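Student: What follows is a structure written as structure tokens; I'll ask about it next.
Derivation of every value follows stated rules applied to the coordinates shown; laboratory data play no part. Predicted model, so just to flag it, every value in this text is computed and none were measured. Glycine also receives a Cβ, built like all others from the backbone with ideal geometry; neighbour counts cover every protein chain displayed.
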Amino acid sequence: MSNCYTQTPLPVICLAGPTGAGKTSLALRLAQILNGEIINTDSRQVYRDFPIISAQPSPEEQASFPHHLYGFLDTNKKISAGEWRAMAVEKIRDVLKREHVPLLVGGTGMYFEALLHGIAPIPPIDPKLRAELEERADQEGIQKLYHKLQEVDPAYAAKIHPHDRQRIVRALEVLAQTGDTFTTWHTRTGLSMPKCQGPLLVLKVDLEWLLPRLAHRITIMLNQGAIEEAQAAFKKCPLATAPGWTAIGSMELLAYLQGRLELSLCLDLWLKNTRAYAKRQNTWFRGRKEAQFFAMQDAETLVQCAQKAWETLQNNIYVDI
């Protein structure tokens, strides 16, 4: 492989799928076979204080192959798809310079979309407008703003959790500032140029098969110290509306710590919300024309597809100097 590549989109291998589908173990296998480095493509696994609750690869797994963009963001910080894309592209370039394969692994569809198809050139938002919406969320409750989003942009509302304050406020502020919905911005022409190209390999799972796996994973997280992790995070950031607390798992555990939910109800809601999120992820990836779907029992076929795709990408993109 040559270290000189053209200005065409950067070559990557994308491994996606719903939460709990088995992406982490498969990513490690791909990293071994392809001489790869793993780049987080999950909007929740960026948070430093929730490695257990957000199911980040374990320290042992991260030590086996290079991992990037996991657990770097404070709970009170938020990150846009555009900001994440800029960081991801920098990491991808570094991986390529080391003559390794960039493996983008996660379940956040908007992140894959930003890299593979470009990003909408949404203009800067007036801070006063954002502050007004944040104040409304505090006073009226985020559920009321979500209902408003369902009215004005039902397609986008269906993709996100009803309590995802960051994305709800973002969608409403874009509409208020520009007069166009988030869906309109992301479907119109004029997107920025794609930064990457490569196969979108998606693990296809049945929700009925997935549900007991998700329940078992929550039990494992509890045994690993998920409640203690949430307690420590709350000591550092007691603001319940902080972006890091909007994630599934941390959101429910926060309600338990604040006495708003009994533990049994907290765990039931955690499982229910995780299943609903997996369903939304399945729906999103099914709508991607470039997605190639594989059942977990067809992992070997997926690996072979990734190998062939990388050979093609090298032939098309890399040039001798």
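Student: Taking 0.36 nm per residue of sequence separation and subtracting the Cα-Cα distance, how much length would be gained by fully extending the chain between residue 283 and residue 129, in nm to one decimal?
Tutor: 52.3 nm
Student: For the chain, take the longest principal axis of its alpha carbons; what is the angle in degrees between that and the long axis of helix 127-140, to the nearest 10 within 0 to 90?
Tutor: Roughly 50 degrees between the two axes.
Student: Go from 0 up to the bin containing the longest alpha carbon distance in segment 5-79, width 5 Å each, and give me the % of pairs per bin.
Tutor: Taking all Cα pairs of segment 5-79, the binned fractions are 3, 14, 25, 24, 17, 10, 6, 2, 0 percent.
Student: When the chain is fully extended, how far beyond the present Cα-Cα distance does residue 292 get from residue 94, taking 0.36 nm per residue of separation?
Tutor: So the extension gain works out to 68.6 nm.
Student: Summing +1 for each Lys or Arg and -1 for each Asp or Glu, what net charge is found among the other residues whose Cβ lies under 12 Å from the Cβ of residue 279?
Tutor: Charge balance near residue 279 sits at +3.
Student: Return the lysines within reach of residue 77: Cα separation strictly under 20 angstrom, same-chain partners fewer than 8 residues apart disregarded; answer none if there are no such residues.
Tutor: Correct list for residue 77: 128, 235, 236.
Student: What is the calculated FRET efficiency for residue 139 to residue 58, with r their C-beta to C-beta distance and R₀ = 35 Å, to the nearest 0.05?
Tutor: Once rounded, the FRET efficiency stands at 0.30.
Student: Hey, what's the per residue convex hull volume over the C-alpha atoms of segment 177-243, in cubic angstrom?
Tutor: Hull volume normalised by residue count: 240 Å³.
Student: Can you compute the modelled spin-label distance between residue 240 and residue 158, with each label point 7 Å from Cα toward Cβ, in nm?
Tutor: 3.1 nm
Student: Tell me the Rg and the Dmax, in Å, that the Cα atoms of the chain produce.
Tutor: Over the chain's Cα set, Rg and Dmax evaluate to 19.7, 64 Å.
Student: Still on this structure: Within segment 1-110, which trypsin sites (Lys or Arg not before Pro) sit in a loop by DSSP and count at most 15 neighbouring Cβ atoms inside 10 Å?
Tutor: 77, 98
Student: How big is the shadow of the Cα convex hull of segment 1-141, averaged over all directions, in nm²?
Tutor: Computed as one quarter of the Cα hull surface, the answer is 10.3 nm².
Student: Could you let me know the centre-to-centre spacing of segment 121-191 and segment 280-308, using Cα atoms, in angstrom?
Tutor: Segment 121-191 and segment 280-308 have Cα centres spaced 30 Å from each other.
Student: Then there is this: Give me log10 I(q)/I(0) at q = 0.21, 0.24 Å⁻¹ for segment 127-187, Debye formula, one equal scatterer per alpha-carbon, no solvent.
Tutor: Debye curve over Cα of segment 127-187, log10 I(q)/I(0) at q = 0.21, 0.24 Å⁻¹: -0.74, -0.96.
Student: Further question: May I ask for the equivalent-ellipsoid semi-axes of segment 184-321, computed as the square root of five times each C-alpha gyration tensor eigenvalue and listed largest first in whole Å?
Tutor: 37, 20, 16
Student: Which whole-number percent gives the relative contact order of the chain, counting Cα pairs below 8 Å spaced six or more residues apart?
Tutor: 31 percent
Student: I've got another one for you. When only C-alpha pairs under 8 Å and at least 6 residues apart count, what is the relative contact order of segment 144-230, in percent?
Tutor: So the answer I get is 19 percent.
Student: A follow-up question, please. Quick check: the distance between the Cα centres of segment 34-67 and segment 193-258, to the nearest angstrom?
Tutor: Using only Cα atoms, the two centres lie 13 Å from each other.
Student: Taking the chain as the reference, fit the longest principal axis to its C-alpha atoms, fit the long axis of helix 81-97 to the helix C-alpha atoms, and give the angle between the two in degrees, 0 to 90, nearest 10.
Tutor: 30 degrees
Student: Could you list 286, 275, 217 so that the one with the fewest beta carbons within 10 Å of its beta carbon is first and the one with the most is last?
Tutor: Least crowded to most crowded, the residues run 286, 217, 275.
Student: Hey, can you grab everything whose amide H is under 5 Å from the amide H of residue 101? Only 5+ residues off in sequence or another chain; H modelled, so Pro and N-termini drop out.
Tutor: 36, 37
Student: Mind giving me the nanometre distance, one decimal, between the label points for residue 213 and residue 150, set 7 Å out from Cα along Cα→Cβ?
Tutor: The answer from the label model is 3.0 nm.
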